[in-house]
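**Q** Sending over a structure as structure tokens; questions will come in a sec.
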Amino acid sequence: MAGTGEGGQAEEELVVSLIGQGLSSCTQVPVLQQQPGLTSVCLHGNNITSTEGISHLSRLQHLNLSSNAVASLDGLQGKTARLPTLGHMIS
């Protein structure tokens, strides 16, 4: 799906979904490190305890960390206000 950027150019949405993969950390997900332009990340149903490893995602708009063990959003370093949707600590 694409949106419209400056000058009317289409912006590509980059999405990753890793539901229920048994992950314990965002740093275990190579694509999060390799694709800083990701716009949507769904890590629902894992064992993630921290948001460390996603603060560099400058285009992130949607983050789903529901059904994880995240205790705080410290790793987002001021990005929470820019996220229109954030599922972070919903059991």
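The values are calculated or read from the model by the stated rules, or taken from the named source; none is laboratory data. If you're wondering where the values come from, they're calculated on a predicted model, not measured in any experiment. Using ideal geometry, Cβ is built from the backbone for each residue, glycine included, and neighbour counts are taken over all protein chains shown.
**Q** Name the strands (runs of 3 or more DSSP E) wholly within region 22-88 that hold at least 1 residues that are surrounded by 15 or more Cβ atoms within 10 Å (Cβ to Cβ) and at pLDDT below 90?
**A** 62-64, 85-87
**Q** Six or more apart or on different chains, Cβ under 6 Å: which pairs go from a residue in region 44-69 that's under 14 Å from S17 (Cβ atoms) and among the hydroxyl-bearing types (S, T, Y) to one that's at pLDDT 90 or above and assigned to a loop (DSSP other than H, G, I, E, B)? Could you list them?
**A** The qualifying pairs are S66/H44; S67/H44; S67/G45.
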